[in-house]
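The structure under discussion appears below in the form of structure tokens.
The values are calculated or read from the model by the stated rules, or taken from the named source; none is laboratory data. Since the model is a prediction, treat every value here as computed from it, not as a measurement. Don't worry about glycine lacking a Cβ; one is built from the backbone with ideal geometry, like all the others, and counts go over all protein chains shown.
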Amino acid sequence: MSNSMIISIIILVSYGLGSITGAYYIVKMFTGEDIRKLGSGNVGATNAGRAIGKKGFLLTLLIDAGKVILAIMITAQLAEGESYLVLSSIFAMIGHLFPIQLGFHGGKGVVAYLASALFLSPLTIGIFAITMGILYLILRRYPIAGFLSMASIPITAYVLEGSFTISIGLLSLFVFVLWAHKR
């Protein structure tokens, strides 16, 4: 198979899996309603939790993390190299943010970002959690602690993995998350 064919498959599979919007389908299944018309209107785990409780939050979290990890795992079977894995995670994020079947109105990317980090550089998630706990104790503001902790992931990945490719990939994903929260 040619390199361009492999890249095309990675993009299509990753975008397609990323487009599976857990919150939309979980809320639709349990309530028959469109999550985009409930609560914050966001297609994410927090809003699913608002709509149907802990079950909605946890199921959405599992679906959204699982789809990203599955996309990257499929990519790992198709091609060797960090750049392919980063490409997969970026297109899974794009699918998550802009799912075609929902008129390009998706989530904000936090779970997709953290799931990518978990696959690409697993130890960064432990350091993220510790950083989050410490910053929350100091700042007492969950959003600020969360964003600062997420910002540590690309730096931690570079320190732990020594990979510029993974670090830049995670930084790119974090920029997507910041952008999604600004819009």
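For region 1-31, which positions are within 15 Å of Gly53 (Cα to Cα) and exposed (fewer than 13 other Cβ atoms within 10 Å of the Cβ)?
Met29 - this is the single residue of region 1-31 that is within 15 Å of Gly53 (Cα to Cα) and exposed (fewer than 13 other Cβ atoms within 10 Å of the Cβ).
Can you list the helices (runs of 4 or more DSSP H) lying wholly within region 1-106 that have 3 or more residues being within 19 Å of Ala117 (Cα to Cα) and touching a His at 6+ places or on another chain (Cβ under 9 Å)?
54-78
For region 84-104, state whether one or more residues are touching an Asp or Glu at 6+ places or on another chain (Cβ under 9 Å) and within 23 Å of Ala157 (Cα to Cα).
yes
For every residue, the table says whether it meets (1) crowded, with 21+ Cβ neighbours inside 10 Å; (2) at pLDDT below 95; (3) more than 17 Å from the chain's Cα centre (by Cα).
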{"residue": "Gly103", "(1), (2), (3)": "no, yes, yes"}
{"residue": "Gly107", "(1), (2), (3)": "yes, yes, no"}
{"residue": "Ala112", "(1), (2), (3)": "yes, no, no"}
{"residue": "Ala115", "(1), (2), (3)": "yes, no, no"}
{"residue": "Ala151", "(1), (2), (3)": "no, no, no"}
{"residue": "Ile166", "(1), (2), (3)": "yes, no, no"}
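In region 86-101, what residues are crowded, with 24+ Cβ neighbours inside 10 Å and either of a type in the set (A, V, I, L, M) or modelled with pLDDT under 95 (or both)?
Ala92, Met93
Please verify whether region 121-138 includes one or more residues that are of a type in the set (A, V, I, L, M), crowded, with 22+ Cβ neighbours inside 10 Å, modelled with pLDDT of 95 or more and out of contact with any Phe, Trp or Tyr (no Cβ under 8 Å at 6 or more places or on another chain). Break it down into steps so the answer makes sense when it comes.
Start the filter on region 121-138 by keeping residues that are of a type in the set (A, V, I, L, M), which leaves 123, 125, 127, 129-130, 132, 134-135, 137-138.
Restricting the remaining residues to those that are crowded, with 22+ Cβ neighbours inside 10 Å gives none.
Within region 121-138, not a single residue is of a type in the set (A, V, I, L, M), crowded, with 22+ Cβ neighbours inside 10 Å, modelled with pLDDT of 95 or more and out of contact with any Phe, Trp or Tyr (no Cβ under 8 Å at 6 or more places or on another chain).
In region 147-164, what residues are free of Cβ contacts under 8 Å to residues at least 24 places away in the same chain and at negative phi?
Leu148, Ser149, Ala151, Pro154, Ile155, Tyr158, Val159, Phe164
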